[in-house]
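Laboratory data are not the source of any read-out in this text; all were calculated from the coordinates shown. Fair warning: this is a prediction, and the values are worked out from it, not measured in the lab. Ideal geometry is used to build each Cβ from the backbone, glycine not excepted, and the neighbour counts take in all protein chains shown.
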Amino acid sequence: MRWPRFVVFILVITTLQASIILDWFAVTNLNIKPDLLLVVVVFLAVRCRSYDAIIISFVAGLASDLIGPPIGPHIISFGILGSILAHIRGLVIINSAFHQVIAIFLTGLLAESLSRFLASLAGQPMTANTAGIIFGTALYSAVIWLFLGWLFTASFRWISIKRHPIRTIHR
Amino acid sequence: MEFRISAQYDMARRQIRISKAMLFTWLMLTGLICLFSPQRITNKLHFAFIKLIPLPILNAGLRTLSTAATSQSPTGYVSRRLYIQLENHAANLSAELDDTHKKLETLARLRDRFAFETAAFVVADIITLSINADRQELIINRGRADGLNHGQYVLGENGVIGTISDVSTGTAKVMLVTDTASRLPVKIAASDVYIRWKMQGNGKGGANIRMLPQKYKIKSADIVYADKKPGFLDAPVIVGRIQSFDPDEENPLLWDITVKPVCNIENLISVAVIVMNP
């Protein structure tokens, strides 16, 4: 992993997530947009070495919190779920596009629910239609992966992610 | 048989001596500290991010933060409690303004009618609504003090819904056109002629026009107007539409017409009373 490139990449994604460009793709009157940082977390968590995956998940969480107060909920939720994904990838195969879509959707549901709960603990008021927004965002993020997966894959190649080591048997 | 792990990975593990569990714990603690830190401190991270990236492409939410970042001062902050109080107050004011706009719009629309140029429209809110087989009436929060009198016509959604049947200083009772005691002079806009007749409420959310000779060519959805009544109504105003018409049971040469009011009374919040020559 080339960490300086990763920092640039995460800054670009964060800026994109916070930009009006993504507002153009917002759907429904709930203004539902895809969560690009969630896609990054899920994809890197299942591809990188677990040590790197933990750092990436927390950093992506911090980036997500930077563009929407308060700081903390996404660090924790992305951190926990990214670490869990990195841990269970040996048990559950998440290689095909369909499995990745399901993983993004489920992680989005759990991560956003957890972060909203943590934000409410920190005194942030709950917005109306929270369940709808969480479901919509998770679904949209999963769908966007189908269309922009190739772009993310190319970016990940640029930051030279190292796949988790595969144990080989030598006779 | 032996397990081989890539040399590079081994080297990396040797360089970083913190275990995965420890790394996870430290990062979690960092997250929790950030979460429960005062917002005025964590906001500095937001401001730092905003200064890093070009402003024009930021979305509205961050632009607001950005404005706060450029003009931040100790007096620029209020407590969350005060913020919520102010937000609620703003919501109340907004609802009040919306309500006033709606009343103004209703009045403006009504004044467009040339015949009512000399009329005043008293907008009143509905206090109670009684709808049952015996009685179909509503009580409104305007009365004699506002110029209301017995017999005046009451409009809802630009259609006549009833007349004032009783009035006190501050309230008035409106007998709806669907009340069995209501007998309203009406004008049916049939295809070839206007037919003047009487309409009586049926107590079931509609009204009937009885004993109309079958020589008149009427059909479903023909408009029924409240007829002009000097001193009370200067021009016909819609009351309802013909829902059905059947030969009268006693005299098959006459129509028994059922009229459906144009206004759904149960959805009304306010009404307008026509006060001619106030």
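Can you pull a Stokes-Einstein diffusion coefficient for the stretch A:7-68 at 20 °C (1.002 mPa s), Rh from Kirkwood over Cα pairs, as a whole number of µm²/s? Don't skip to the end; give the middle numbers.
Values: Rh = 12.3 Å.
For these conditions, the coefficient is 175 µm²/s.
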Any residue on another chain or 5+ positions along whose placed amide H is under 5 Å from the amide H of A:Asp35 is listed here as A:Ser141
Fewest to most Cβ atoms within 10 Å: B:Val275, A:Val143 sort as A:Val143, B:Val275
With the dipole of the stretch B:185-278 defined by +1 on each Lys or Arg Cβ and -1 on each Asp or Glu Cβ, the option from B:Pro236, B:Ile209, B:Val186 whose Cα lies farthest towards the positive pole is B:Pro236
Candidate span helices, chain A: DSSP H, at least 15 Å along axis from Cα coords, Kyte-Doolittle average at least 1.6, result A:36-47
Hits in the stretch B:182-217: amide N under 13 Å from the 7 Å Cα→Cβ extension of B:Asn251, namely B:210-215
Once normalised by the length of chain A, the mean sequence separation of its alpha carbon contacts under 8 Å that are 6 or more apart gives a contact order in percent of 30 percent
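Given the DSSP H assignment, sum -39500 (n - 2.57) over each helix run of at least 4 residues in chain A and divide by its residue total; what's the result at 222 nm in deg cm²/dmol, nearest 500?
Here the helix-only value at 222 nm equals -23500 deg cm²/dmol.
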Of the residues A:Leu146, A:Phe25, A:Gly136, the Cα lying farthest along the dipole of the stretch A:3-158 towards its positive end, which is defined by charges on the beta carbon of Lys, Arg, Asp and Glu, belongs to A:Leu146
Fewest to most Cβ atoms within 10 Å: B:Ile131, A:Ile55, B:Ile33, A:Ile71 sort as B:Ile33, B:Ile131, A:Ile55, A:Ile71
Kirkwood calc, the stretch A:3-158, C-alpha pairs only, radius in angstrom 15.5 Å
